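First up is the structure itself, then whatever we jot down about it.
Readers should treat all values here as calculations from the given coordinates under stated rules, not as data from a laboratory. Source: prediction; values computed, not measured. Backbone-built Cβ (ideal geometry, glycine too); neighbour counts: all protein chains shown.
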């Protein structure tokens, strides 16, 4: 297997997820079909117990919320609970994986039609344990949404895109891969800046509160928000 690929498989289930360094959208296979490209008709024919209505729901969910990044993301589709998930994929339902996804979707608060309020996203994210603020700016530093009462959102929002623009090429020149996020520390305050196309999502950590779990939540929220507003990364 290529060292730039990662594969997750279920035993005897015909499921796998492959993500290459050259592709931002993984191929998530179930019964030989890629969930991110398969049509509703294909799913109806190949997936155990999936009729036209549920197949259309899978496709609509993919179009609204972006690609399925792992097989467990199938559980975000309305109508697919633990029993249906096991029947379709042949692998166990992981409560922890689905709980994390539901948490991110609750923060973003998107409707089934894809509608989302960036100001509400900033407010809800700032209430997540370990964070005290959230800024969403465009690539020029113009503020789209802010929720942070203890600092200077305009100042941080203005320099966040500049930091990304200056540091990202340097990081990529180290052949360490794509720059997904940058965290900086100023007087014990940590800021994590996550670019997505023309947006920069800024997560402001509470004083002396910084860990990998927070980074993962921030990245997932930023990616889902970016997909809903701007479409998938290419």
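Some notes on this structure:
- Between residue 139 and residue 96, residue separation times 0.36 nm minus the direct Cα-Cα distance comes to 12.0 nm.
- Between residue 154 and residue 230, the FRET efficiency estimated from the beta carbon spacing at R0 = 22 angstrom works out to 0.45.
- Within region 109-204, all pairs of alpha-carbon atoms sorted by distance into 5 Å bins from zero give the percentages 3, 13, 23, 24, 17, 12, 6, 2, 0.
- Estimated distance in nm for a label pair at residue 39 and residue 103, the labels positioned 7 Å out from Cα along Cα-to-Cβ: 4.0 nm
- 174, 215 arranged by Cβ crowding within 10 Å, fewest neighbours leading: 174, 215
- Extending 7 Å from Cα along the Cβ direction at residue 123 and again at residue 162 yields two label points whose distance is 3.1 nm.
- Peptides 216-222, 93-99, 103-109 ranked from most to least packed by the mean count of surrounding Cβ atoms within 10 Å: 216-222, 103-109, 93-99.
- Highest mean first, the peptides 56-67, 37-48 sorted by other C-beta atoms within 10 Å per residue fall in the order 56-67, 37-48.
- Cβ-Cβ distance of residue 171 and residue 48, R₀ of 41 Å, FRET efficiency by 1/(1 + (r/R0)^6): the value works out to about 0.40.
- The simple Förster model, with R0 at 30 Å and r as the Cβ-Cβ distance, assigns residue 56 and residue 116 a FRET efficiency of 0.85.
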